[in-house]
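This report refers to the structure that appears directly beneath it.
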């Protein structure tokens with residue numbers, strides 16, 4: 001996939017990246033008054049390789065190309081043979097509003113299509129207004145969440161065909 005953001009690159013994460021991934025995810029959650037939950041909602045971060053790549057998914061680490069400094073994350077988790085879930089899409093504050101989120105989402109959608117998924121779903125929470133606006137811009141349609149909890153009050157899906 002062409003990278004129009006030469007100063008940023010996306011690479012497959014591995015278990016050696018877990019501490020950096022957790023820093024990004026948990027710091028972003030904290031900004032919005034939310035807590036990380038490694039015993040529950042965030043337990044997938046304890047083994048990136050098993051929880052994403054072993055199941056035909058992907059976990060991307062967004063880095064500043066020159067310094068290799070990690071600034072964002074996203075995961076694609078297989079729900080079934082046709083549907084994937086976009087998870088853990090976070091970008092540290094100073095890089096938001098510069099198109100990096102769009103770059104990440106384009107990459108996630110492209111990887112999902114290449115893998116053969118025909119639908120992408122995601123769950124989110126209302127305070128993440130910029131992320132929700134991005135999802136809608138890309139054509140995600142609101143659906144009913146499987147469950148409502150302290151980290152989910154909205155869900156979206158995108159037809160990848």
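The values are calculated or read from the model by the stated rules, or taken from the named source; none is laboratory data. Values in this document were obtained by computation on a predicted structure and should not be read as measured data. Methodologically, a virtual Cβ is constructed for each residue, glycine included, from the backbone with ideal geometry; neighbour enumeration extends over all protein chains shown.
Remarks
- Checking each residue of region 59-73 against the condition of being closer than 23 Å to residue 121 by Cβ, modelled with pLDDT of 95 or more, in contact with a helix residue (DSSP H, G or I) (Cβ under 7 Å, 6 or more places away or on another chain) and not in a strand (DSSP E or B) gives no match.
- Set 158, 122: member being closer than 19 Å to residue 25 by Cβ, part of a strand (DSSP E or B) and modelled with pLDDT of 90 or more: 122
- Close contacts from region 110-127, counting a first residue that is within 17 Å of residue 56 (Cβ to Cβ) and a second that is at pLDDT 95 or above and assigned to a helix (DSSP H, G or I), with Cβ to Cβ under 6 Å and a gap of 6+ residues or different chains, come to 120/112.
- Subset of region 125-154 that is in a loop (DSSP other than H, G, I, E, B) and at pLDDT 95 or above - its residue that is surrounded by the most Cβ atoms within 10 Å (Cβ to Cβ): 140
- Within region 19-30, the set of residues being loosely packed, with under 13 Cβ neighbours inside 10 Å and under 17 Å from residue 94 (Cβ atoms) comprises 30 only.
- Residues considered: 45, 86. Of these, the only one that is modelled with pLDDT of 95 or more, in a helix (DSSP H, G or I) and either buried (at least 19 other Cβ atoms within 10 Å of the Cβ) or touching a strand residue (DSSP E or B) at 6+ places or on another chain (Cβ under 6 Å) (or both) is 45.
- Where residue 17 falls short, out of the listed (1) under 27 Å from residue 129 (Cβ atoms); (2) part of a helix (DSSP H, G or I); (3) in contact with a strand residue (DSSP E or B) (Cβ under 8 Å, 6 or more places away or on another chain): (1)
- Residue that is surrounded by the fewest Cβ atoms within 10 Å (Cβ to Cβ), among those in region 96-119 that are in contact with a strand residue (DSSP E or B) (Cβ under 6 Å, 6 or more places away or on another chain) and over 24 Å from residue 15 (Cα atoms): 119
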